[in-house]
Every structure is written in C-alpha cells, then in structure tokens.
Amino acid sequence: METAAENRAREIGPGRIHQGDCIDAMRSMDASSVQLVFADPPFNIGYEYDQYDDRLESDQYLEWSGQWMREVHRVLDDRGAFWLAIGDEYAAELKVEAQRIGFHPRSWVVWYYTFGVHCRTKFTRSHAHLFHFVKDPSRFTFNASEIAVPSARQLVYADKRANPKGRMPDDTWILRPQDCVDAFTPDEDCWYFPRVAGTFKERAGFHGCQMPEQLLGRIIRSCSNPDDVVLDPFSGSGTTLAVAKKLGRQFLGFEMSTEYARLGQRRIEAVAVGDSLEGSPEPKASAPATHSAKARRAAATTLELPGFAESVSDWVQDGRHADQLVQAFCESNRGYSVDRVVADPLLNEDFQVRCDRAELDGTPAERNRALFALRKSGRMKQADITTSNRTAFDWEELDPFLFAVEIAWRSVSELYADAGLDEILCDPRLAEQFDAAAGGWAPGFTALQYRWAALKLRKAVSAARRRLDATNSRKLGLRKFKPEDWQGAADLDWDELPQGPAAYLIRHVDDPSASPTPLNSNSLNATSLYCGETANLQARLRLQLSEAARQTWPVDRRDLRCLQLAWLPVSTIGSDRLVRQLQLQKWYRPVWNFNKFLPV
C-alpha cells in the first residue's frame, strides 16, 4: 500500500505551483531531480506577506534558512545551479550557511534597480544580492553563449576588433547607469534592471515583491537547458515559473499562500513556450539620462497626441497642467491603473469631475487620451502613484461573451475610420456605442466587463499571433472541418453539446436542404460568419445563438434553419488561447471576426 509520503511525492510534479510549505514539499521530492533552483525568500525585514510572518528572531531565521537550503542541496542535480536573491540584512550570513551546507559560490551579482524605496535616516536602497552557487565546482551548467551581450567596444565605439559574439561580465560599480556611456553595460556583474513598480505593464498586481522577467531570463538561460527542471521554493507572483515556461523549461514551485498560489498558477497558464519576456532586454533604455534634460524637453514638445485640440496638446506639455491631470488621476484611481480608470465608467466619471474642479481644459476624450500620453512619457512613474490593485476578471468569467466583444470592437472600429481600442475607450460616445453593440450580441453583462474583456483580448491576441507563427494545426489538435462535422442549428440537442473546451465555426447557408460534396464542405452556397474557441462550448453557443442575441444579427442571418455549426473538442484552451481561433480565421475568413487580429 502506498504511504502518505509516497503519495505526496507522486503528487508533487512539474508544471504547476504547489500550495504548502516548501521544506515539507521538497522533502517529498526525489534527490537530484532538479537542474536549477532560484529562491527569493522573505528577507526577514517585516514585509507584509499574505500568510507568512516576516519578523522572526535572527537565530530562528537563520535556522529556517538552513533547513530549506539543505533541501535545495538534496534535490539539486550534481551539475545544477542554485541562485539566491537576498537583501543586505542577511546576505553575508546566508552565503556562509550555503557554503557550510556544501554549495560552491561562482558569482556574487549585485542587482541595481530604479524605483527603490526611499529612506529618511539611511541611503535609499537600490540593490539586492544574487548569489550563484553550484554543487560541483568542476562540473556545472553554464551557457555563456546564451547570455553573451555586446561589449562597449561594439555598442559605443563600433570597434571592428570587438568579438562579434559578445563577452562575459566585468566587475564594476556605478552610480547612475543612464549617465555613463562607457560604463554599466549589460556585460557586467552589477546588473541593472528597473524594479517592477506598480505602474509597470509587467506588474502581476497581486504580490508586492516581483522580479523582472528579463533578470530571471538571464539566469535561466545561462544555468539550465531546454526541458531542464526549474524549481522556485518561494514562487510568489510566479515570475520564475512563467519565464521558465516561456523558455521551454519544465518547472514547479511552492507557495505557502493559497491565494498567491492560485493567482500565480493562473499567470503561468496564460503564457506559452516561445512567448517574449516582458521588459526591455537592454535595461539602460528604460530610464533617461540626467544630462539630456534639454533633449527630453525637446522630445516632449513632439509627443504625439492624436485627436487632441491644439490647446490641450499645449497644456499636456506644460508642467503645471500635466501635474494637475496626474493629481486628478491620483485622487480618483483608487489604486488602479490608467487602463482601469479609462475603461471603468464609474472611476472615469470621478476622474472627469476632479478635472472639472481643477478647471482643466479639454473634453473627457482628450483628458483620457492625455492620461495615456502622460503614462507613455514617464510622468506616471515619476509621480510614483500606487496602481497595484488588480482588476479581477479572469478568463473563465469573460469566456462566455468574448465573441460579442470581438464583434463589437470590429463594428465600432470600422464605423470610425479604423479607430483603435484605446481611442474607442477614451471617447465616452464611442465607448457607449461599443457597450451597446456588445450588449446586443451578448446581453446581461456590465460595461466594465465588456471593456475589460476587450483589453484582455487585445493583449492575448498579440501573444497568440506570435504563437501561431511558431506552431502548426497538428500540434493544436486542429484540422479543417469535414462535411460530416456540420450540424443544423435548428436541430441541435443543446444538452448534448460538450461542456468542455472546443474550437467552432458558425456559417450561414442559403439552402439548408442542400448537401455539400465530399470533396469540399464549403461547396454549397455558404458564408462563414464567426469562428471562435471557448472553455465551455455549450454555454457559449446557448448565449451566442439565443433568440435575444440573434435580434442584433442582420435580418437575413437570423433564421436558425439556415445556420450550421461545426466544432472540434480540444484538450484545453490554456496557454494556446486564441491561437486556434486565429488558425480558423486564416482558413475560413469569417465575416464577423476582427480580421485585424490575423498575423500580417
């Protein structure tokens, strides 16, 4: 009979975040089963975590640290690497403890970041320590070519004598990387990556301590190979595992907090192998140099603000008026992002009221566009406004009506000279038209749900386009529909429809009594209307083909007797979200899908 320990070991496998204590979990793992461990443990400085007390006595903290590091040493492969991220308070002690356990240090990297936490009685902290350990100093994985970067000879001087393959780290210290053309290059062991601040697009939103993806990418590329297992004992926001998945590694993590584990797992499931890492691979590009103030001011005067009245464009560039707009946002955002304030009718109304009280010029649409412009120019980051609250609409909640959002977006965009989504949401008149269109195709949801679904759809489509180029229909479990796949909508037994994930196509036929020839399922006079994918085919089609929804359809398309359906069950939507839908669009060119989503 299987023991509880054996059962626990069987349950702890790669591909997910396991909720629970990392020490107990690692004790259930096989020895030498992991090739890379990245650990960013609590620093014991009183940070407010969800389910962990970060205020242990020093002896307790060091004893606990020794316990989990001993388990890391046991589960790590002989050629494996262990990276430890830690703050000043215990860096020296944990380095010594790791060596006592049996690890051998290879590098002591300093991660320098911008947007550090300001201090009143000591220098503002703007760094953390990254220790690179190995088990066997004579045999370990280190892929130098994977992280080689252009040297200063190449980047600055265009020296033909420079090694075209790049170079490995120097040892350097610098105060302001933006101000030093010849220093703080990406080939040094004092790494410069901006901290993932609350205003950053990369921000997961539910965890305060988040590593930049590009930093984790450098570690994972250099110290592991494709299909190696990457372990994060303190998964937190799930960044390590998301990056490992994007880079084609197996992965697993542990997280004490039930909520963090759930949200982190959701984040991992939303990415796919081959996805680009968030953030700039050349971090010096993310912050301006102080000596270029004149250049910054000159650039600001040419900031493009499409659709702005000239007076509004002027006051956006004027410091006083820009500050007033930022202040109005700060007073009304309730901890949410610019996207949320623009998309949320209630928050945006509050923002507009505060703009009115400050006697700011411009229409509501112009003020909303100004928010995007100010975010793009960096003003929001400089103001250090809290935007860490997460808008908690997940894909499961939005899935039933995503089709309506896509069709509404397409129809409004085409009405107004191919207006982009930001332009639609910024202008209250266009946003209301979008809400009405989406509500007609799928009634019963709020304006914020429709608008936020469109924002998530835009981001997901961007990733899906890249994934489509890197895969094929066989890997997706997809094929073209055969004649026998088609069923008349009027004859459907709704209760027999699958309640799981599927890709599907709706078409209109002029003569429903005609049959397609075996060689071509589209040989009868048929028009492809809409193709999609959904986590629950029955729920989606019950809504999409309901009598109330069909009242919005063109009159000549409403008759159920002239509608036919075909679908293919798929294993999961997951990280391939929208890829199958884009492939169906390429094959069938349906008239209601937003064909701008297709890769160029």
Could you order the peptides 231-243, 446-458 from most to least packed, using the average number of other C-beta atoms within 10 Å per residue?
231-243, 446-458
Against the 2.2 N^0.38 Å rule of thumb, the C-alpha Rg of segment 377-508 sits at a ratio of 1.31
So how do 576-589, 414-427 stack up, highest first, on mean other-Cβ count within 10 Å?
576-589, 414-427
Note, segment 424-440: 3J(HN,Hα) by Karplus (6.51, -1.76, 1.60, θ = phi - 60°), whole Hz, Gly/Pro = x, goes 5, 6, 5, 8, x, 5, 5, 5, 5, 5, 4, 4, 5, 5, 5, x, x
What's the center-to-center distance, using Cα atoms, between segment 424-451 and segment 337-372 in Å?
18 Å
I'd like the Kirkwood hydrodynamic radius of segment 396-597, using the inverse of the mean 1/r over distinct C-alpha pairs, in Å.
17.3 Å
Length gained when the stretch Cys330-Asp356 is fully extended (0.36 nm per residue, less Cα-Cα span):
7.9 nm
At a 10 angstrom cut-off on C-beta neighbours, averaged per residue, how do the peptides 221-227, 340-346 rank from highest to lowest?
340-346, 221-227
Name the residues whose placed amide hydrogens come within less than 5 Å of the amide hydrogen of Leu529, ignoring near sequence neighbours (fewer than 5 apart) on the same chain.
Ile506, Arg507, His508, Val591
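Read the figures in this text as sums done on the coordinates, not as results from a lab. Since the structure is predicted, the reported quantities are computational estimates derived from the model, not experimental observations. With ideal geometry, Cβ positions are generated from the backbone for all residues, glycine too; neighbour counts draw on all protein chains shown.
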